[in-house]
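For reference, the structure discussed in these notes is given below.
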Amino acid sequence: MNPSIRKFIFHDLQAIEGYIDPPDALVFLAALRAQKSSALEGGLAEIGVYYGRSYFLLRKICGDVAKIVAIDPFDIKRTGQETTQYDRFVAAGRQLGLFVDEQRVIRSDSTLLKPEEITEKAGPVRFFSIDGGHMLHHVEADSRLAAATLAEHGVIVFDDTFNPAWPEVTAGVVDFLRREAGRFSVFCLTKYKTYICHKTFQEFYSRAIATSHELKPFDQLDTEFLGSTAIRLHNPMRRRIAYEVMVGLGMRALSERAYR
């Protein structure tokens with residue numbers, strides 16, 4: 001891995017409030033690198049930007065020329081703070097030295113959008129991250145939107161799929177896979193996210209995960225999920241604890257050693 005990318009994932013990115021952990025950041029990297037190496041082009045999209053941790057990961061990996069559509073109401077309000085959610089998102093970009101393409105920011109409830117509102121800004125999408133509303137109707141609307149805008153070689157990533165705090169996310173993803181039976185396959189599962197692609201690209205992305213040098217520290221176990229054989233990345237508790245302790249002690253610069 002390019003040392004600057006590794007430093008960005010394990011150090012710089014962690015300064016931005018958000019939820020994507022290093023293991024999933026490394027899966028993002030593996031999938032996007034596989035696309036690049038095979039000249040699989042297209043835009044990128046994210047529902048649920050929060051303060052931009054995933055957005056800036058996509059920007060760092062794909063560069064300033066990438067067309068990234070960022071979808072979020074940007075309506076989070078915190079008592080005693082005059083700075084808006086959107087202001088903090090843009091400020092995070094300045095902090096990281098990364099470009100925020102404000103022409104491709106959609107400040108809206110994602111369930112109100114039509115597919116062409118995304119494809120007009122980015123074309124067919126090769127990587128679509130969904131981390132918006134966590135109720136069933138949100139997941140249903142967002143999954144339909146992603147499927148309608150996805151390139152044939154595209155990836156859909158669902159967050160919080162098996163989080164017991166949000167059971168309707170799990171139900172929504174299962175409903176989507178059943179509704180689209182024969183069209184989509186799950187190729188990777190992590191503690192927090194589920195990675196899906198068209199069946200014709202199942203082998204391509206499975207190979208990208210299995211052969212990624214950055215993912216070698218994880219146990220890779222085959223798991224059957226609704227007709228798909230997915231790679232489940234197991235992140236041992238001892239490694240996660242070691243990482244969290246180092247971050248908690250302000251040792252972000254050394255925390256990446258837990259994932260070697």
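Please treat every number below as a calculation from the coordinates, not as lab data. Predicted, not measured: the structure shown is a model, and the values here were computed from it. We place every Cβ from the backbone using ideal geometry, glycine too, and count neighbours over all the protein chains shown.
Quick notes
- Of the beta bridges in the chain, as assigned by DSSP with both residues counted there, near 50 percent are antiparallel.
- Largest GNM mean-square fluctuation across A92, A25, A181, computed for the chain with C-alpha springs under 10 Å, falls on A181.
- Test item: Cα-centred dipole of the chain, Lys/Arg +1 and Asp/Glu -1 on Cβ, debye: 880
- log10 of Debye I(q)/I(0), alpha-carbon scatterers only, for the range 3-235 at 0.10, 0.16, 0.17, 0.18 Å⁻¹: -0.42, -1.17, -1.34, -1.53
- Net length gained if the chain between T223 and E180 were fully extended (0.36 nm per residue, minus Cα distance): 13.5 nm
- Ascending count of other beta-carbon atoms within 10 Å, so fewest first, for T190, T200: T200, T190
- Shape of the range 80-180, Cα gyration tensor, a/c cut at 1.5: oblate
- Paramagnetic label zone (point 7 Å from Cα along Cα-to-C-beta, S38; backbone N under 18 Å) in the range 144-160: 150-157
- Its DSSP H runs of at least 4 residues, each contributing -39,500 (n - 2.57), put the calculated 222 nm mean residue ellipticity of the chain at -12000 deg cm²/dmol, to the nearest 500.
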